[in-house]
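Peer 1: Before we start, here is the structure in question, set down as structure tokens.
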Amino acid sequence: MSDLMKVSSNPHVRSKVTTSSIMLAVVIALLPAAGFGIYNFGIDALILIAVTVASTVLTELAYEKLMNKKVTIGDYSAVVTGLLLALNLPSTAPWWIGVIGGVFAILVVKMLFGGLGQNFMNPALAARCFLLISFTSIMTNFECDTYTGATPLAAIKSGESVDILSMVIGKTSGTIGETSMIAIVLGACFLILLGVIDLRIPGSYIVSFVLFVGLFGGHGFDPAYISAQIAGGGLMLGAFFMATDYVTRPITKNGQYLFGILLGVLTGIFRIFGPSSEGVSYAIIIGNLLVPLIEKITLPKAFGMKGGRRA
Amino acid sequence: MAKLTFVGGIHPYDGKELSKDKPIKEVLPKGDLVYPLSQHIGAPATPVVAKGDRVLTGQKIAEASGFVSAPIYATVSGTVKAIEPRRVVTGDNVMSIVIENDGEYEEVEYSPVESAEQLSKEEIIGRVKEAGVVGMGGAGFPTFIKLSPKEPEKIDYVIANCAECEPYLTSDYRRMLEEPEKLIEGLKIMLRLFDNARGILAVEDNKPDCIELLKTLTKDETRISVKALKTKYPQGAERQLIYATTGRSINSKMLPADAGCVVNNVDTIVAIYHAVMLGKPLMNRIVTVTGDAIADPRNFIVRIGTNYHELVEEAGGFKEKPVKIVSGGPMMGFGIFDLDVPTTKTASALLCLTQDDVSKMEPSACINCGKCVEVCPGRVLPRKLADFAEHYDEEAFLSYNGMECCECGCCSFVCPAKRPLTQTIKSMRKMQLAKRGKKPAPKDDGKKAKA
């Protein structure tokens, strides 16, 4: 045989799942939440989502072009970041908030640390926290045409009662993508069925959070209070879409449970004892910072070490 | 009862339908036969013939040199043409005996026995050793050593590895369907060596016909049971198989005997049967010739030493131009750059593919998705180990149990970023083993995964 075959080390076959197919799945899973946000808050929400996604994607493209690096926008990770960031903005925010947030998320948090896979905290959340600190009044202005009152969580904090059903459906004020529990859970189920995410982190996060607010929230395990805490704020969006971010969560299985519990406790502390009614974003980025330590203490025991026997 | 299995593993496309329904066909070699002196783990064999000698089928042409070694036999009659380095599947040049086939197949006299009962345990082990039987699943560890552990009375299980978890391979499947009695007799011979052991025929449940057949044939055997395993790669890796069938787990530094087990694959057990009952040395094996480039994929009974070219010809040649050719299965096999290499004792398959996933998909940045951790049967962190290996961080590599990797390939298979994790980790392991001045631990590990 004159022409030689290709040679490589084993294995010689690869699965069909790729980074872009995973990221695309996440984008699709976020569409129900985004769609409901547009339905709920109108055209402003659509514009803000479009501007933010364009900002993240173009920032990545521009950086890579300028640095003569391989262009990686085809992996859809910048789209995921942009979409997540937009869903965490109030619909009333001006367009330039989306632009600044997108640039910060991609340039500062992602690219300067080495690009995809190297960021030490979730870019979308880091950008949200940056905006929250820099433009507090814009970022906490939830007064739009449809809703004039406080967000449900703020209402609970000041002792008012809330309607659980509208919170589950999402007909409340809040950021674009966080209000509808149904839309978020729908997207999350899609990702779980595809095997993109699993329930380790969301499950331990939500369970530990419920236990924490039940014990320290001052309302005991009152079903109405607990369900409002679950459905309200960014908990669902954070637990299913941001705490599960591959890059910034522990890779060890036990570490993922520990990470979820940590987030649950931190969110509880921020919501109950903090000045704001929210706490998911800060809880997750603090959790992100602790990931290396969590991985270190949850190193799994290799197969057959200590000669363990199956029960 | 829950299905017998292990934690981790993958379900790649298995391609077995290409060759599973066709009976085994015999191939008679036409060209020269090449016998590398190193087709087993341990010291290369020493030639006992010289250039120009006439040899008979079944005549010893190289003898074991040292304890961990195995003799090699001529599989045709003819003349020794040369003793020179020849290329083998791994790409290395290995000193080999080349025999020109005279096409007469004149055989030596063998010394069969009526029944294994008339042989002592030492005689049985002696016959296996003399016949040059090695682990034919891929590792090539001399079988007689496995059969003589320090404390034979402490062996509780003799496991016949009939999992055949490696995709595309159907040689064990055909052997079980066509010659099940040889497998069962072979297992009974092994049980004679271990008074307290029970025999297990461990078969993946994608072969229900084999399970039924073996169950029927062993229904009166009180010491033998058939166990159905969940179909999952690498179910046939020695350590995973022991865990699935007995619940005992061993690490890479332990031997199956430490868990009271002896494991051999189908072809090896049949070779034990031939050696003990018929007095025949190891001269042939079943090779699956398959893949989407092959016109008529099927299994062949091949005389060891036969050139791969001839196997492809027997299988009708290529119907499409192959891009990648693998000796062995797609998960553990060796990619070869051309067909001009000989069949050895451990050559389980010849897989010819019209596309190459590996070169087609370019590696990109790791996104820490954790799929490699989910599938790793060794329960290590492939992503971290590959990182440490790339930076040559020995300390971290060892403290994260890098040496527990069995090189099964699951992590590279699932990686969405298409990173060559197994390859990176494997290179580091090899360097560490070389540094310790030790040869790879004398046992099969994941290399046995084919079976």
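Peer 1: Taking the condition of being among the aromatic types (F, W, Y) and out of contact with any helix residue (DSSP H, G or I) (no Cβ under 9 Å at 6 or more places or on another chain), how many residues in the range A:158-202 meet it?
Peer 2: Selection size over the range A:158-202: 0.
Peer 1: Name the single residue, out of those in the range B:385-402 being within 9 Å of chain A (Cβ to nearest Cβ) and farther than 22 Å from A:Y246 by Cα, that is nearest to the chain's Cα centre (by Cα).
Peer 2: Applying the filter and picking the extreme gives B:N401.
Peer 1: Hey, which of the helices (runs of 4 or more DSSP H) in the range A:26-138, taking only ones fully inside, have at least 1 residues that are within 14 Å of chain B (Cβ to nearest Cβ) and either among the basic types (K, R) or surrounded by 23 or more Cβ atoms within 10 Å (Cβ to Cβ) (or both)?
Peer 2: Answer list for the range A:26-138: A:43-66, A:77-87, A:123-134.
Peer 1: For the range B:309-332, which residues satisfy the criterion of being buried (at least 20 other Cβ atoms within 10 Å of the Cβ), facing chain A (nearest Cβ under 10 Å) and under 23 Å from B:E26 (Cβ atoms)?
Peer 2: If the condition is that a residue be buried (at least 20 other Cβ atoms within 10 Å of the Cβ), facing chain A (nearest Cβ under 10 Å) and under 23 Å from B:E26 (Cβ atoms), then B:V312, B:I325, B:G328, B:G329 are the ones that fit.
Peer 1: Please verify whether the range A:106-115 includes one or more residues that are modelled with pLDDT under 95 and in contact with a Lys or Arg (Cβ under 6 Å, 6 or more places away or on another chain).
Peer 2: No, because not a single residue in the range A:106-115 is modelled with pLDDT under 95 and in contact with a Lys or Arg (Cβ under 6 Å, 6 or more places away or on another chain).
Peer 1: Pick from the range B:229-256 the residues that are charged (D, E, K, R) and in a helix (DSSP H, G or I): which of them is nearest to the other protein chains (Cβ to nearest Cβ)?
Peer 2: Of everything passing the filter in the range B:229-256, B:R239 is nearest to the other protein chains (Cβ to nearest Cβ).
Peer 1: Return yes when B:G378 is farther than 25 Å from B:N93 by Cβ, modelled with pLDDT under 95 and either surrounded by 24 or more Cβ atoms within 10 Å (Cβ to Cβ) or among the aromatic types (F, W, Y) (or both) and no when it is not.
Peer 2: yes
Peer 1: Taking the range B:236-288 as the region of interest, how many residues are touching a Cys at 6+ places or on another chain (Cβ under 8 Å) and either hydrophobic (A, V, I, L, M, F, W, C) or surrounded by fewer than 24 Cβ atoms within 10 Å (Cβ to Cβ) (or both)?
Peer 2: 6
Peer 1: Testing A:T252 on (1) polar (S, T, N, Q); (2) over 30 Å from A:T151 (Cα atoms); (3) under 20 Å from the mean Cα position of the chain (by Cα); (4) surrounded by fewer than 18 Cβ atoms within 10 Å (Cβ to Cβ), one condition comes back false. Which one is that?
Peer 2: (4)
Peer 1: Separate question: Kindly provide the set of residues from the range B:32-46 that are more than 19 Å from the chain's Cα centre (by Cα) and surrounded by fewer than 20 Cβ atoms within 10 Å (Cβ to Cβ), ordered by number.
Peer 2: Scanning the range B:32-46 gives B:D32, B:T46.
Peer 1: Further question on the same structure: Would you mind stating whether B:V68 is of a type in the set (A, V, I, L, M, F, W, C), part of a loop (DSSP other than H, G, I, E, B) and in contact with a Gly (Cβ under 6 Å, 6 or more places away or on another chain)?
Peer 2: Against the criterion (of a type in the set (A, V, I, L, M, F, W, C), part of a loop (DSSP other than H, G, I, E, B) and in contact with a Gly (Cβ under 6 Å, 6 or more places away or on another chain)), B:V68 qualifies.
Peer 1: Restricting the range B:206-216 to residues that are of a type outside the set (V, I, T) and surrounded by 17 or more Cβ atoms within 10 Å (Cβ to Cβ), which is farthest from B:E374 (Cα to Cα)?
Peer 2: Checked the range B:206-216; the qualifying residue farthest from B:E374 (Cα to Cα) is B:L214.
Peer 1: From the list B:C369, B:C410, exactly one residue is under 20 Å from A:R14 (Cβ atoms), modelled with pLDDT under 95, at the interface with chain A (Cβ under 9 Å from one of its Cβ atoms) and buried (at least 19 other Cβ atoms within 10 Å of the Cβ). Which is it?
Peer 2: Sole residue among the options that is under 20 Å from A:R14 (Cβ atoms), modelled with pLDDT under 95, at the interface with chain A (Cβ under 9 Å from one of its Cβ atoms) and buried (at least 19 other Cβ atoms within 10 Å of the Cβ): B:C369.
The values are calculated or read from the model by the stated rules, or taken from the named source; none is laboratory data. Fair warning: this is a prediction, and the values are worked out from it, not measured in the lab. Positions of Cβ are backbone-derived with ideal geometry, glycine not excepted, and every protein chain shown enters the neighbour counts.
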